[in-house]
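Beneath this line is the structure, given in structure tokens, with notes to follow.
The values are calculated or read from the model by the stated rules, or taken from the named source; none is laboratory data. Every value quoted in this text rests on a predicted model; they were computed, and no experiment measured them. For neighbour counting, all protein chains shown are included, and Cβ atoms are generated from backbone atoms with ideal geometry for every residue, glycine included. Keep in mind that these areas ignore ligands, DNA and RNA; they rest on the heavy atoms of the full protein, side chains included. Shrake-Rupley method; radii C 1.70, N 1.55, O 1.52, S 1.80 Å.
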Amino acid sequence: MATSDTITNWVDPNDKTGEFKRQVSSFRSFISRSDPSSPFPPEKGRYHLYVSYACPWATRALIVRKLKGLEDIISFSSVHWHMGPLGWRFPLAEEGKEGGDAAGDQVVPDPVGGKQYMREVYFGVEPEYNARFTVPVLFDKEGGRIVNNESSEIVRMLGSEFNEIVEDAKAKELDLYPEDLRAEIDEVNEWVYHDINNGVYKSGFATTQEAYERNVTKLFEGLDKVEKHLKEVQEKGKGEYWFGERLTEVDVRLFPTIIRFDPVYVQHFKCNLRDIRSGYPAIHRWMRHLYWNVPAFRETTNFLHIKKHYTCSHPQINPKGITPLGPVPDILPLDEEVEAVKAAKN
């Protein structure tokens, strides 16, 4: 059983490299519409998605749930933003309401099993579970089982396996992993994961100067690569997504990291070689297009949870739990720029 003193040790104290190493997800079953023998067929009302609005890995699953019109097919709920020694906790009813300290859509007490902590969901399925109690978790309410807790696989399942029971025609037709782009999507997802999605954590949780500098340098090399690609796409005038006019998994998987970058990663994780709003104009344009023009991205972004989680759940980084007010605003409107960018344009 995972003990409380290991949950928030993001780097093994005995690891002299100071490197943050993300654990491999433990539950890896699949919902399948094509395999009649699958114990997890796509059914309306059977599955529940546990998320945290603070967590970028969970948010990507929540984005796909909305994009694919699964709101009436798969229920969801969010944990409280705070992660303490016992891991994620479920909020009290008043905490998630408007004006509460964790306000947000479906920020409610555990609606499936009435648990207090996410760890209890894991132990209820596997009493000897000995790893982190992560989100997202795709849970089978009928069987009382965790189907999967690997975000990339949950994204893939939600993106395709429920198509036959989705009622919204536009959502049903949306293919986030089209066959003609799969090789390229897989290639981009691979380096974006290592250099950027996980790169911010490898930078922020590093416990040696060498580990920090190595990973933050790699992170910004990855952002430079993203900037170059998006600039080329935008200059062609053929669309605002990674693949121009086609929204894909690449956009879904990159967005949760980029939307958190200026409000959290710049200061909290010391990812401060540049920020997005003044240092990466093409990325900034891409991010704002998704946020302001595609409701699934805006409606699953909760800056309260994002800022409070990181600054109040990592005492080894921010022992006083003080949450910075800035940047203001959390995200700029489409037609506004920071003063440095305005000056450069003039």
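Just checking, which of 111, 91, 136 is of a type outside the set (Val, Ile, Thr) and closer than 24 Å to residue 323 by Cα?
Criteria check complete, one pass: 91.
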*Going by the conditions given, is residue 227 open to solvent by 80 Å² or more (accessible area, probe 1.4 Å), part of a helix (DSSP H, G or I) and under 20 Å from residue 265 (Cβ atoms)?*
no
*Quickly run through region 327-342 and pick out the residues that are part of a loop (DSSP other than H, G, I, E, B) and without any contact (Cβ under 8 Å) to a residue 60 or more places away in the chain.*
328, 329, 332, 333, 334, 335, 336
*Hey, any hits in region 88-97 for a residue that's of a type in the set (D, E, K, R), open to solvent by 70 Å² or more (accessible area, probe 1.4 Å) and over 19 Å from residue 26 (Cβ atoms)?*
yes
*Options 127, 111; residue that is farther than 18 Å from residue 62 by Cα, of a type outside the set (A, V, I, L, M) and open to solvent by 40 Å² or more (accessible area, probe 1.4 Å)*: 127
*Name the pairs whose Cβ atoms lie under 7 Å apart, with the first residue in region 159-187 and farther than 21 Å from residue 73 by Cα, the second outside any helix (DSSP H, G or I) and aromatic (Phe, Trp, Tyr), and 6 or more positions between them or separate chains?*
181/243; 185/177
*Does any residue of region 295-317 turn out to be of a type in the set (Asp, Glu) and surrounded by 15 or more Cβ atoms within 10 Å (Cβ to Cβ)?*
no
*Identify all residues within region 96-135 that are closer than 24 Å to residue 300 by Cα and either among the hydrophobic types (A, V, I, L, M, F, W, C) or in a helix (DSSP H, G or I) (or both); write none if there are none.*
96, 102, 103, 107, 108, 112, 118, 119, 121, 133, 135
*Residues 122, 117: which one is at pLDDT 95 or above, open to solvent by less than 10 Å² (accessible area, probe 1.4 Å) and of a type in the set (Phe, Trp, Tyr)?*
122
*Restricting attention to region 67-85, which residues are over 23 Å from residue 296 (Cα atoms), part of a loop (DSSP other than H, G, I, E, B) and at pLDDT 95 or above?*
82
*Options 300, 311, 257: the member that is in a loop (DSSP other than H, G, I, E, B), among the hydroxyl-bearing types (Ser, Thr, Tyr) and within 20 Å of the chain's Cα centre (by Cα)*: 300
*With the condition kept exactly as written, say whether any residue in region 45-66 is modelled with pLDDT under 95 and among the charged types (D, E, K, R).*
no
*Look at region 199-215 and say how many of its residues are open to solvent by less than 30 Å² (accessible area, probe 1.4 Å) and among the polar types (S, T, N, Q).*
2
*Since residue 292 meets every condition but one in (1) at pLDDT 95 or above; (2) within 30 Å of residue 87 (Cβ to Cβ); (3) open to solvent by 40 Å² or more (accessible area, probe 1.4 Å); (4) of a type outside the set (Asp, Glu), which condition does it not meet?*
(2)
*So is residue 95 farther than 21 Å from residue 140 by Cβ and more than 20 Å from the chain's Cα centre (by Cα) or not?*
yes
